[in-house]
Amino acid sequence: MSLKSLLFVLFSFCVFPTYSQKSLGERSQRLVKYFKTNHLKPRTIDKQFGQDVNTLFLMALDDYKFFFYEEDIQQIEKKSDSLYFEILNGETRYYSTVENLFLKRIKEATNTLEEVLSKNEFKLFDNDLNFNYSHENFVSNKKEFDQRWFERIQKSIHNEILDLVNINEAFNKDSLLLYVEQAKNETRKTYLDYFKNISEKKDYIELLYMNAIANAYDPHSNYFDAALKQNFTEELSSEHLLFGISYQSEIDGKILISHVTPGSAAWYSDEIHVGDVILAISNENKKLDVSHATL
């Protein structure tokens with residue numbers, strides 16, 4: 001297949017209406033119909049397909065298992081048994097269940113954040129400080145939820161202090177207390193911005209859902225709404241100052257490169273890779289720190 005033909009196929013799988021033009025149910029229905037009509041090896045939309053969508057969607061939302069409870073997952077998995085039927089019929093009962101539960105846990109995490117930061121129970125620089133970003137199981141109760149977030153917040157404060165400390169300065173108890181307060185403020189801002197971005201942007205969760213459907217049908221396909229499709233087109237053009245880079249915001253505030261578009265300026269440079277952390281953006285003599293920037 002020629003590059004021109006390949007790009008035609010790629011673009012054809014990216015042109016879909018935005019959420020403001022069509023309901024989520026209509027878009028998911030049209031997406032699988034489009035795949036069925038145009039894909040070389042159409043996949044059967046059955047119970048297994050719905051379960052695959054569910055797995056990919058939950059991974060996108062909470063891969064590190066900091067939000068959902070085990071009881072949430074059990075409720076969602078029951079709904080996923082009929083997910084394929086909902087997709088085929090343009091329905092969104094499953095999606096509404098997941099979205100409502102996720103936003104509920106976002107609110108709960110916000111409250112936990114404020115409670116943790118209002119106290120001074122941190123074990124900073126403790127040799128026994130043990131933290132994992134990824135967990136094998138979801139939490140089973142509120143106590144485990146709070147403890148998991150306490151450890152994460154403590155680790156964030158720990159990292160913020162390390163970023164603030166000047167190695168050559170005289171270090172004492174007063175300076176440590178000052179750094180702790182600064183680190184707590186930075187940590188609060190980072191997480192509150194993250195929670196706000198998720199809660200207030202309708203298309204954030206919807207795009208994760210549509211991508212889960214696309215990935216379940218074909219792991220090499222992604223869903224683009226109209227805005228993303230336009231950006232993708234411009235990134236391949238020499239007439240626009242875009243570089244072919246997509247970003248994602250981690251929960252600790254870091255901005256990571258999530259995708260490098262083949263054929264773009266970033267791709268040809270061979271110096272920018274998925275997983276790279278963006279520390280700053282410079283333009284001529286100006287430099288913008290993006291450590292706490294929104295996407």
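Entry remark, segment 70-126: residues being touching a His at 6+ places or on another chain (Cβ under 7 Å) and within 21 Å of Lys202 (Cβ to Cβ) number 0 in total. Every condition in (1) in contact with a strand residue (DSSP E or B) (Cβ under 7 Å, 6 or more places away or on another chain); (2) open to solvent by 40 Å² or more (accessible area, probe 1.4 Å) holds for Gln75 except the one numbered (1). The set of residues in segment 132-152 being surrounded by 11 or more Cβ atoms within 10 Å (Cβ to Cβ) and part of a helix (DSSP H, G or I) consists of Lys142, Glu144, Phe145, Asp146, Gln147, Arg148, Trp149, Phe150, Glu151, Arg152. For Asn111, the requirement of being closer than 14 Å to Tyr191 by Cα, out of contact with any Gly (no Cβ under 9 Å at 6 or more places or on another chain), without any contact (Cβ under 8 Å) to a residue 24 or more places away in the chain and open to solvent by 30 Å² or more (accessible area, probe 1.4 Å) is met.
Is it the case that segment 226-247 has a residue that's modelled with pLDDT of 80 or more, assigned to a strand (DSSP E or B) and either open to solvent by 80 Å² or more (accessible area, probe 1.4 Å) or of a type in the set (A, V, I, L, M, F, W, C) (or both)? Yes, the conditions are met somewhere in segment 226-247. If the condition is being open to solvent by 40 Å² or more (accessible area, probe 1.4 Å) and of a type in the set (A, V, I, L, M), then segment 60-72 contributes only Ala60.
Summed over segment 193-204, the residues that are surrounded by 18 or more Cβ atoms within 10 Å (Cβ to Cβ) and touching a Leu at 6+ places or on another chain (Cβ under 7 Å) give a count of 0. Just one of the listed residues (Val277, Val260) is in contact with a Leu (Cβ under 8 Å, 6 or more places away or on another chain) and either within 26 Å of Trp149 (Cβ to Cβ) or modelled with pLDDT of 75 or more (or both), and it is Val277.
Being open to solvent by less than 50 Å² (accessible area, probe 1.4 Å), out of contact with any strand residue (DSSP E or B) (no Cβ under 7 Å at 6 or more places or on another chain) and within 20 Å of Ala183 (Cβ to Cβ) is a property that does not hold for Ser82. Touching a Leu at 6+ places or on another chain (Cβ under 8 Å) and surrounded by fewer than 16 Cβ atoms within 10 Å (Cβ to Cβ): does that describe Gln48? Judged against the criteria, Gln48 is not a match.
The values are calculated or read from the model by the stated rules, or taken from the named source; none is laboratory data. In this text the structure is predicted, and so the values were computed from the model without any measurement. Cβ atoms come from the backbone with ideal geometry, glycine included; neighbour counts cover every protein chain shown. When the accessible area is computed, the model is the full protein with side chains, heavy atoms only, and any ligands, DNA or RNA have been set aside. Shrake-Rupley method; radii C 1.70, N 1.55, O 1.52, S 1.80 Å.
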